[in-house]
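**Student:** Take a look at the following structure, please.
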Amino acid sequence: MTNTSFDLVDIIRTLQKKKGFIIAMTLVAIVLGGIFLAIRHTKYKAESNFFVNNPLYGDRSTLFRSVETRYVDYFGGDDELDKIMALANSDTVRDRIIRNCQFQDVYKNDINDPKGHAALMYIFNKNFNIKRTEYKDIQVSYIAYDPVTAANVANMSVKVLEETYRHYYTAMKQNIYTSINDKVTQLDSSINALTDTLANLRDKYSIYSIISPARQNIIAGDVKGGGKGYGMALEQIQNIESVKDQLVMDRAHYISTLNEFAATMANSMEFLKVITRALPPTQPDGPSVSTVLVVAAFLGLLFSSIYILLITYFRKLNSVER
């Protein structure tokens, strides 16, 4: 059996002999790279960065601290960032984004048709990206053929995320507000009924002194009057007055609580803080022209060299007698 050698010297000689072919294939690869650049659709990428605020800083227990002072960080922690990521990946938020950005007009699909809606969601999911950075902020980006569209979608994504994240907390506060407000309405009815009863008893028995035992800081004066039923009326007035005073105090406390919850639901409370707003990009996304041409030239040089070496080696093997 004859050993066939093909060492480094043979490789160099082979490449030197076929350098014309290699140069030609490299030029062809550069031309193909240029054609690719000419026919490809230019895409633009817009980015926006924001911090997540700590929702506890806008909570009622923080705004109206009266018992203890506890430090609350302005910036949200990992739990808050995880909630934002979960909302951003939900179909509900993404559907609202594509509707607010008029995707049906941009990408020419019927958003009310199930197939058209699925196609628009696929386009958004393919071009939208959200990620956390090492600085505990969140970056959202969108790629589109039009730079203005890319910027609008990125900014709208942040806006929808803020509104959804805010609603998660304000909806619970609104439920509490409604429950307390209903209780205030019930107290108003009870207080009015007790007031009418007290007024009738006082007028009937001419008892106008303050005789409520619930008002501990008020000393009752002399109670004048008499007659049949006077004692029973006096006891009834004290009992009813004590209940009414307690209901009035409860009502005042509930109204104060309502005002506190109303303050925490104000739109001036920011849950997301934008630090970089998306602007229409001026440079297309992806590798530059020079990068594409250099890579194409390198690939042409590499594959043509490998092709020449393989062909030469196999020819040398076939020329040896076995």
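**Student:** Quick one: which helices (runs of 4 or more DSSP H) lie wholly within region 31-148 and hold at least 3 residues that are more than 30 Å from Met269 (Cβ to Cβ) and of a type in the set (A, V, I, L, M)?
**Tutor:** Working: elements: 60-63, 78-88, 91-100, 103-106, 114-127.
Passing ranges, in order: 114-127.
**Student:** Taking Leu293, is it surrounded by 15 or more Cβ atoms within 10 Å (Cβ to Cβ), modelled with pLDDT of 85 or more and assigned to a helix (DSSP H, G or I)?
**Tutor:** On the way: surrounded by 15 or more Cβ atoms within 10 Å (Cβ to Cβ): yes; modelled with pLDDT of 85 or more: no; assigned to a helix (DSSP H, G or I): yes.
So Leu293 fails the test.
**Student:** I would also like to ask the following. Scan region 233-251 and give yes if some residue there is within 38 Å of the chain's Cα centre (by Cα) and at pLDDT 90 or above, otherwise no. Lay out the reasoning, then the answer.
**Tutor:** Just the residues of region 233-251 that are within 38 Å of the chain's Cα centre (by Cα), to begin with: 251.
Retained after the next criterion (residues that are at pLDDT 90 or above): 251.
There is at least one residue in region 233-251 that is within 38 Å of the chain's Cα centre (by Cα) and at pLDDT 90 or above.
**Student:** Need pairs with beta-carbon distance below 7 Å; first residue more than 20 Å from Thr282 (Cα to Cα) and within region 148-165, second assigned to a helix (DSSP H, G or I) and of a type in the set (Asp, Glu); sequence gap 6+ or separate chains.
**Tutor:** none
**Student:** In region 11-44, what residues are more than 18 Å from Gly300 (Cβ to Cβ) and in contact (Cβ under 8 Å) with a residue 24 or more places away in the chain?
**Tutor:** Ile11, His41, Thr42, Lys43, Tyr44
**Student:** Of the numbered conditions (1) in contact (Cβ under 8 Å) with a residue 12 or more places away in the chain; (2) farther than 30 Å from Val184 by Cβ; (3) surrounded by fewer than 16 Cβ atoms within 10 Å (Cβ to Cβ), Ala278 fails exactly one; give the number of that condition.
**Tutor:** (3)
**Student:** So, one more: Quick one: what pairs do we get from region 237-263, first residue within 19 Å of Ile210 (Cβ to Cβ) and in the same structural domain as Asp196 (by TED's automatic domain parsing), second at pLDDT 90 or above and aliphatic (A, V, I, L, M), C-beta under 8 Å, 6+ apart or different chains?
**Tutor:** Every condition considered, the pairs that remain are Ile240/Leu194; Val243/Leu194; Lys244/Ile191; Lys244/Leu194; Leu247/Leu187; Leu247/Ile191; Leu247/Leu194; Val248/Ile191.
**Student:** Identify, from the list Thr42, Thr26, Thr69, the residue that is at pLDDT 80 or above and surrounded by fewer than 16 Cβ atoms within 10 Å (Cβ to Cβ). Even if it seems obvious, please write down each step before you answer.
**Tutor:** Details: Thr26 fails: surrounded by fewer than 16 Cβ atoms within 10 Å (Cβ to Cβ); Thr69 fails: at pLDDT 80 or above.
The match here is Thr42.
**Student:** Please determine, by comparing only the residues of region 172-200 that are charged (D, E, K, R) and in contact with a helix residue (DSSP H, G or I) (Cβ under 8 Å, 6 or more places away or on another chain), which one is surrounded by the fewest Cβ atoms within 10 Å (Cβ to Cβ).
**Tutor:** The initial filter retains those residues of region 172-200 that are charged (D, E, K, R), namely 173, 182-183, 188, 196.
Checking the rest, the ones that are also in contact with a helix residue (DSSP H, G or I) (Cβ under 8 Å, 6 or more places away or on another chain) come to 173, 183, 188.
Details: Lys173: 17, Lys183: 15, Asp188: 12.
Filtering first and then ranking leaves Asp188.
**Student:** Does Arg132 meet the test of being touching a residue at least 40 places away in the same chain (Cβ under 8 Å) and among the basic types (Lys, Arg)? Walk me through how you get there before you give the answer.
**Tutor:** Numbers: touching a residue at least 40 places away in the same chain (Cβ under 8 Å): yes; among the basic types (Lys, Arg): yes.
For Arg132, the condition - touching a residue at least 40 places away in the same chain (Cβ under 8 Å) and among the basic types (Lys, Arg) - is met.
**Student:** Can you confirm whether region 99-109 contains a residue that is touching a Lys or Arg at 6+ places or on another chain (Cβ under 9 Å) and without any contact (Cβ under 8 Å) to a residue 24 or more places away in the chain? If you could, list the steps in order and put the result at the bottom.
**Tutor:** Looking only at region 99-109, we keep the residues that are touching a Lys or Arg at 6+ places or on another chain (Cβ under 9 Å), and these are 100, 109.
Pick out the ones that are also without any contact (Cβ under 8 Å) to a residue 24 or more places away in the chain and you get 109.
Yes: region 99-109 contains one or more residues that are touching a Lys or Arg at 6+ places or on another chain (Cβ under 9 Å) and without any contact (Cβ under 8 Å) to a residue 24 or more places away in the chain.
**Student:** Within region 172-189, track down each residue that is within 14 Å of Ala252 (Cα to Cα) and not acidic (Asp, Glu).
**Tutor:** Ile180, Asn181, Lys183, Val184, Thr185, Gln186, Leu187
The values are calculated or read from the model by the stated rules, or taken from the named source; none is laboratory data. Model, not experiment: these values are computed from the prediction. Neighbour counts are summed over all protein chains in view; Cβ atoms, including those assigned to glycine, are modelled from backbone coordinates with ideal geometry.
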